[in-house]
1. Contact order normalised by length for the chain, with contacts defined as Cα pairs under 8 Å and 6 or more residues apart; what percent is it?
2. Ordering MET101, MET51 by accessible area with a probe of 1.4 Å, largest first, what comes out?
3. Would you please put 56-68, 3-15, 111-123 in order of how densely packed they are, using the mean number of other Cβ atoms within 10 angstrom per residue and starting with the highest?
4. Please state the equivalent ellipsoid semi-axes for the stretch 22-172: what are the square roots of 5 times the Cα gyration tensor eigenvalues, largest first, in whole Å?
5. Which whole-angstrom value gives the distance between the alpha carbon centres of the stretch 1-31 and the stretch 77-119?
6. Please list, in chain and number order, the residues 5+ apart from LEU155 or on another chain whose amide H is under 5 Å from its amide H, with Hs placed from the backbone.
7. If you take every DSSP beta bridge fully contained in the chain, what fraction is antiparallel? Give it as a percent rounded to 5.
8. Net charge within 15 Å of MET101 by Cβ-Cβ distance, Lys/Arg positive one each and Asp/Glu negative one each, not counting MET101 itself?
Amino acid sequence: MYLIKTIKGDITKVTDVQAIVNAANNSLLGGGGVDGAIHRAAGPELLAECMTLHGCETGEAKITKGYNLPCDYVIHTVGPIWNGGRNKEEELLANCYFNSMKLAMDNGIRSIAFPSISTGVYSFPVELAAKIAVHTVNRFLQDNPDCFDLVEWVLFDTHTESVYEAEVDQLYKMI
Ligand code: AR6
């Protein structure tokens, strides 16, 4: 069995997972928001490893070590920039979560923390993003029931946390 939980906080401080997910950009060379926080906390070796990866397509995911972070790995994924919903944004966001979970599973990672991908600088509406995020990950867990122990949603502000919490609660009511 696996546990799904939501917390309000800084993903760089999470100590009970093997991997955290970064909401990166196509260059994988750092930026603002959660990406900036992860690079600051991990130290310059993270950027050095990212430079060897030659970027990442939107919806895809790549893995590095965690360096000075409390976790062993960082999974870097690139969310879509919200453009009104006509550019496959929903599908691309679902791909981010699916490909991050797949990469974690393929590397034997059993515990993982996600931020709210695309809902900051990339302006994806939080309610829709939370629905896609929680449902995509839940489907993955149901399809691979013995592969994970913990999925943690780490949300930075009270509103985002309440939206994800409501989605997760809804899920447990359905089970
Ligand atoms: N821990 C958890 N969540 C955080 C943290 C943190 N330390 N810091 C911010 N958030 P964003 P995006 C929340 O903008 O929309 C970067 O420049 C934030 O409040 O980080 O996918 C990249 O390089 C929001 O709820 O990511 C890209 O260019 C969520 O994380 C671009 O931003 C995502 O906000 C990606 O934009």
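The values are calculated or read from the model by the stated rules, or taken from the named source; none is laboratory data. Just so it is clear, the model here is predicted, and its values are computed rather than measured. Cβ atoms come from the backbone with ideal geometry, glycine included; neighbour counts cover every protein chain shown. Quick note on the areas: whole protein, heavy atoms, side chains included, nothing else; ligands and nucleic acids left out. Shrake-Rupley method; radii C 1.70, N 1.55, O 1.52, S 1.80 Å.
1. 31 percent
2. Descending order: MET51, MET101.
3. 111-123, 56-68, 3-15
4. Computed over the stretch 22-172, the values are 22, 19, 15 Å.
5. 12 Å
6. ILE7, LYS8, GLY9
7. 20 percent
8. It works out to a net charge of -2.
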